[in-house]
Amino acid sequence: MNQQPIKVPFLDLKAHHEPIRDEIRQAIERVIDANAFAGGPFVEAFEKDWAAFCGTRHAIGVGNGTDALWLTLLALGVGPGDEVITVPSTFMATAEAVSFCGARPVFVDIEPVTYTMDPARLEQAITPRTRAIIPVHLFGQVADMDPILEVARRHGIPVVEDAAQAHGATYKGRRAGTFGIAGCFSFYPGKNLGAFGEAGAVVTNDAELADRIRCLRDHGQVRKYHHDHIGWNARMDGIQGAVLQVKLRRLAAANEARRNHARQYARLLADVEQVVLPVEAPGRTHVYHVYAVRVSDRDEVLQRMGRRGIACGIHYPIPVHRQKAYQHLGYGEGSFPVAEQCAREFLSLPMYPELRPEQVELVATELRACLDELRPRSHACAV
Ligand SMILES: *Cc1c(COP(=O)(O)O)cnc(C)c1O
């Protein structure tokens, strides 16, 4: 079968930006007029809005989401010889931030329904060297924070949330990023809130931690050319601050649109027995950064969808503990069976606010058709 032209892209940033093009152009021109390119008033204005949106006292704009995680861990004093617990079902950056502090990532498996850290497995991973716990709000759903925080509190270990995929998601009425000592966000262009380049932020209610991160992102300076610490250049740039401030005003509506698409997918695919749909756990609002279903024979389904003009993705095909870069940690195949099975089965369907209902319908129809083609003959005859 020949490849068809793309009928439904995986993501459509052009459609996302077209209606706000003029407003963004004006925002960027204000930055040019003010010569405020690195940090400065536009970043500060966005920080204020982002803290207000999340419901925290402080937000610190940084260069990207990886910086947000790394600087937060550094500011908490994580260093060589320490361990930081996270999950293998995440983007590489979560573990990299730990490694770049000189510490060792320690993994715990995920829950099979929400795909987030399994609180029941957390305690057994804690050792005297554990310095932080990083649950990841994968795909836009907040991890089960109450039991995670309870275990962490009992052991006196800070919790840092990787909220890079969960802008605006809630758990028991509170926003992602506000449960632990700090929440880390990425504004990579494809995220639910995306910049026009690289950007990230940390939110926290802890004034001292906020000050330390502010200092570290700017070469450890306390005043110009007075460096009390060895920091780094991890500032957010002014254009990103200005663009993010404009785009933040549309985040709630964009998340609502994603949730509508998710409901439509769920309705259309409810009776397809070969598909495991994402589940929104009680008390949480999922913001569907990624709409991942699970299917067996995933790679074949992915290819067939592509041939039918439906661009799907995989988040992520290799769990972090099985990456070559982390071979030295010694986690063999079978170490985290839930994460490993999910990595084999995850298939991300097109998901972005501007999807049209007929596109969602087409994706569902084509997925059904692919699965029918792949249905084992014996299975089909048994009916
Ligand atoms: C995107 C992402 C990051 C990293 O953010 P960058 O801005 O790309 O550095 C970290 N963790 C998760 C879960 C992410 O999805």
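The values are calculated or read from the model by the stated rules, or taken from the named source; none is laboratory data. Just so you know, these numbers come straight off a predicted model, no measurement behind them. Every residue, glycine among them, receives a Cβ derived from its backbone with ideal geometry; neighbour counts consider all protein chains shown. Side chains are part of the model used for accessible areas, which takes the heavy atoms of the whole protein and leaves out ligands, DNA and RNA. Shrake-Rupley method; radii C 1.70, N 1.55, O 1.52, S 1.80 Å.
Rounded, prolate or oblate: pick one for segment 95-162, where a ≥ b ≥ c are the square roots of the eigenvalues of its C-alpha gyration tensor, a/c under 1.5 means rounded, and failing that, prolate if a/b is larger than b/c, else oblate. Since a/c reaches 1.5 but b/c is at least a/b, the shape of segment 95-162 is classed as oblate. Helix 298-307 axis versus longest C-alpha principal axis of the chain: approximately 80°, rounded to the nearest ten. The slack in the chain from R368 to V113, taken as 0.36 nm per residue of separation less the alpha-carbon distance, amounts to 89.6 nm.
How large is the accessible surface per residue of the chain, computed with a 1.4 Å probe and reported in Å² as a whole number?
Numbers: 16830 Å² over 383 residues.
Counting only protein heavy atoms, the per-residue value for the chain is 44 Å².
What FRET efficiency comes out for the pair A266/T127, r = Cβ-Cβ distance, R0 = 56 Å, nearest 0.05? That gives a FRET efficiency of 0.85.
Per-residue extension of 0.36 nm, minus the Cα-Cα distance of Q341 and R223, leaves a gain of 37.4 nm for this segment. Which of the three applies to the chain, rounded, prolate or oblate, going by the alpha-carbon gyration tensor with a ≥ b ≥ c and a/c under 1.5 meaning rounded? It comes out oblate by the Cα gyration axes. Computed over neighbours whose Cβ is under 12 Å from that of F46, the net charge equals -1, Lys and Arg +1, Asp and Glu -1. Take the Kirkwood radius over Cα pairs of segment 225-356, plug it into Stokes-Einstein at 4 °C and 1.567 mPa s, and you get 71 µm²/s for translational diffusion. Counting Lys and Arg as +1 and Asp and Glu as -1 over every other residue whose Cβ lies under 12 Å from the Cβ of Q4, the net charge comes to +3.
Classify segment 1-129: rounded, prolate or oblate, from the alpha-carbon gyration tensor (a ≥ b ≥ c, eigenvalue square roots; a/c under 1.5 rounded; otherwise prolate if a/b is larger than b/c)?
Values: a/c = 2.48, a/b = 1.33, b/c = 1.87.
Cα axes put segment 1-129 in the oblate bin.
Carbon and sulfur: what percent of the chain's accessible surface (1.4 Å probe)? Write out the running numbers ahead of the final one.
Numbers: 8770 of 16830 Å².
Answer for the chain: carbon and sulfur cover 52 percent of the accessible area.
I need the per residue convex hull volume for segment 214-267, using only the alpha carbons, in cubic angstrom as a whole number.
Values: hull volume 6.2 nm³, N = 54.
For segment 214-267, the hull spanned by Cα atoms encloses 115 Å³ per residue.
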